[in-house]
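Notes follow the structure.
The values are calculated or read from the model by the stated rules, or taken from the named source; none is laboratory data. Predicted model, so just to flag it, every value in this text is computed and none were measured. Ideal geometry is used to build each Cβ from the backbone, glycine not excepted, and the neighbour counts take in all protein chains shown. Ligands, DNA and RNA are stripped out before the accessible areas are found, and what is left, the full protein with its side chains, is counted by its heavy atoms. Shrake-Rupley method; radii C 1.70, N 1.55, O 1.52, S 1.80 Å.
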Amino acid sequence: MEVTLRRFELSDVDAMMAWASDPEVAAFCRWEPYESTEPLLAYLRDTVLPHPWFRAICLTGGEDARPVGAVSLAPTADTCRGELGYVVARAQWGKGVATAAVKGAVAAVFGGEVEGLERVEALVDVDNTASQRVVEKAGFRREGVLRRHYWHKGRVRDLVMYSFISSDHLAEQSRSSRNPATQLQHFSTICVPNRMCSFF
Amino acid sequence: MPRTFGCPAPEMEVEAAEVTLREFTEADTEAFFAWASDPRVVRFQRRDAYSHVDEARRYIVDKVLPHPWYRAICVAGADRPVGSISVKPADDLPLPEPEPGAPRCCRASVGYRVAHAYWGRGVATRAVRAAAEAVFAEWPWLARLEAIADVENRASQRVLEKAGFAREGVLRRYVVLKGTLRDMVMFSRVRDDREGKPPEAHGPSDGV
């Protein structure tokens, strides 16, 4: 599955509603499903656009170039460390989209887009086995279970901590440059407006 | 000498004096400076050793006195503190609001420092236990008390294990300490954990 990552625009709000309004998608996310586009537009404008690293996941090679999900790296108390988050519309589940997006995000943030970054971590609910498989396939290492770490929608949850560090990234680059057959996809991070998003 | 449960800890047999925790005042500046200026004590802290007592005074006034939970560690009834222990609620979420359903914070982290002359006597272990009991009692929203220790800081890892914390894993390249990236061991004690029993043993079927 080939994906590209690009910056969001306000015109992406309708495409975002596809996953932002879906209760199954929202189940393990911090937010409740959106019921209208107004608050989603506010979220896009106030949180996504000014965010230090937030990207739309778009599929290549198909008719529809609108985003099918999002991937982000949130700052933490230490500049060496960022927290990964991602969401994919249910219609695209089971096709490796999230894994490809996470791999692309890791390549981008360690490839110079986030200065001083040494560690990308992902905290995944112990019951969210699908998401655990995504980061494992993307090469993250499982470090342990953080008990009662997070208050989520009325319950205290145990989370699994995963990490991908800068030396993992260098090792992977070195592996793929030695073996052309396993070259990583080139993940382009386009900054120009997507000319195909003209449905506004 | 109070009965201890779990693994025997020989160093606790030596001068096992009572440890008490109290709030700091500016009058504790000299005592604070004694350990805050010691490179052995600050080795695994972000801060460099203080070189002037005024740095300690400023720290007490600016950081300690307004802190949500910062205590002086006193030993054997003496008023002069021999260390400090602090508990910080997680700052990525606001402290819990009274109304139900609002976002809540369920965790806090503990850190501690003891003057070198008092190492090896179980002072830190008893301070951590006392702090854990206090904050779980004072903060009903608290579900998890965590601590991180440098992978090379074996003494601190032992303190946490003896204080009933569970080792959860090594977090690679977690912080920058004095200019170098460090791997840290994550420990936690959750509200359900009881002194003396291995944390993993607890489950719904336990009659505890």
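Okay, here's what the table says:
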| item | result |
| --- | --- |
| GluC sites (Glu not before Pro) within the range A:89-129: DSSP coil, no more than 13 neighbouring Cβ in 10 Å | A:Glu115 |
| Charge dipole (debye, nearest 20) of chain A; +1 at Cβ of Lys and Arg, -1 at Cβ of Asp and Glu | 500 debye |
| Largest-first principal axis extents, alpha carbons of the range B:19-195, Å | 48, 34, 31 |
| Ratio of Rg to Rh over chain A (Cα coordinates, Kirkwood Rh, two decimals) | 0.95 |
| Summed buried accessible surface, chains A and B, 1.4 Å probe, nearest 100 Å² | 2100 Å² |
| Solvent-accessible area, 1.4 Å probe, carbon plus sulfur percent, for the range A:2-199 | 51 percent |
| Computed E for B:Ala76/B:Trp119 - FRET, C-beta separation, R0 22 angstrom, nearest 0.05 | 0.90 |
| Entries of A:Lys153/B:Lys63; B:Lys63/B:Lys178; A:Lys137/B:Lys178; A:Lys153/B:Lys162; A:Lys95/A:Lys153 with Cα pairs more than 30 Å apart | A:Lys153/B:Lys63; A:Lys137/B:Lys178; A:Lys153/B:Lys162 |
| Label point distance in nm, B:Glu23-B:Glu138, each placed 7 Å from Cα along Cα→Cβ | 0.9 nm |
| Difference of contour (0.36 nm per residue) and Cα-Cα distance, A:Arg45 to A:Gln173 | 42.6 nm |
| Segment A:Asn128-A:Lys95, extension gain: residue separation times 0.36 nm, minus the distance between their alpha carbons | 10.2 nm |
| Label-reachable residues, the range A:36-71, where backbone N falls under 20 Å from a point 7 Å from A:Glu115's Cα toward its Cβ | A:50-54 |
